[in-house]
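To keep things clear, I will list the structure first and then write my remarks on it.
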């Protein structure tokens, strides 16, 4: 479970995340990954969500594999898997710790962004170094 993911956060499926089909609505998976990405930026890269640098999502792919139900313990792994010039890729796995199964995988392409000047920016060298040192499989 979550092999190759050093950054992991945990949640419980909340009541409001359950839909009429009695399983976790798809938007919860996206909400969890956004939450974990923001925490990764703060805790690993040292970039606070209210800071001048961060990223914006450019593309999101979700592969749902198993439903999650109310009160299940969920573990979400996040990693940066690739750096380009101004963009980078993040990957996620969402697991049911209650049942020991992979519930979803997600891929998000992000663009480095300066909120002060409101423009994309080249990936900071510091981010590249931090990720290379932090990730089990260093991003290219």
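Observations, loosely collected:
- Breaking point among (1) touching a helix residue (DSSP H, G or I) at 6+ places or on another chain (Cβ under 9 Å); (2) loosely packed, with under 15 Cβ neighbours inside 10 Å, for residue 132: (1)
- Selected residue [at pLDDT 95 or above and touching a helix residue (DSSP H, G or I) at 6+ places or on another chain (Cβ under 9 Å)] from 7, 40: 7
- Test set (1) under 10 Å from the mean Cα position of the chain (by Cα); (2) under 21 Å from residue 128 (Cα atoms) - residue 54 fails condition number: (1)
Conditions (1) at pLDDT 95 or above; (2) over 22 Å from residue 25 (Cβ atoms), marked per residue:
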residue	(1), (2)
63	yes, no
69	no, no
74	yes, no
78	yes, no
87	yes, yes
90	yes, no
98	yes, no
102	yes, no
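- Among the residues of segment 30-71, those that are closer than 26 Å to residue 19 by Cα, in contact (Cβ under 8 Å) with a residue 60 or more places away in the chain and buried (at least 19 other Cβ atoms within 10 Å of the Cβ) comprise 32, 33, 37.
- Residue check for residue 92: in contact with a strand residue (DSSP E or B) (Cβ under 8 Å, 6 or more places away or on another chain), surrounded by 21 or more Cβ atoms within 10 Å (Cβ to Cβ) and not in a strand (DSSP E or B): no
- Qualifying residue in segment 105-116 (condition: under 17 Å from the mean Cα position of the chain (by Cα) and either without any contact (Cβ under 8 Å) to a residue 40 or more places away in the chain or in a loop (DSSP other than H, G, I, E, B) (or both)): no
- Checked against the criteria, residue 100 does not count as loosely packed, with under 14 Cβ neighbours inside 10 Å, within 30 Å of residue 125 (Cβ to Cβ) and in contact (Cβ under 8 Å) with a residue 12 or more places away in the chain.
- Criterion violated by residue 75 - all others in (1) farther than 14 Å from residue 111 by Cα; (2) loosely packed, with under 14 Cβ neighbours inside 10 Å satisfied: (2)
The values are calculated or read from the model by the stated rules, or taken from the named source; none is laboratory data. This one's a predicted model, so the numbers in the text were calculated from it and none came from an experiment. Cβ coordinates were reconstructed from backbone atoms using ideal geometry, including for glycine residues, and neighbour counts include every protein chain displayed.
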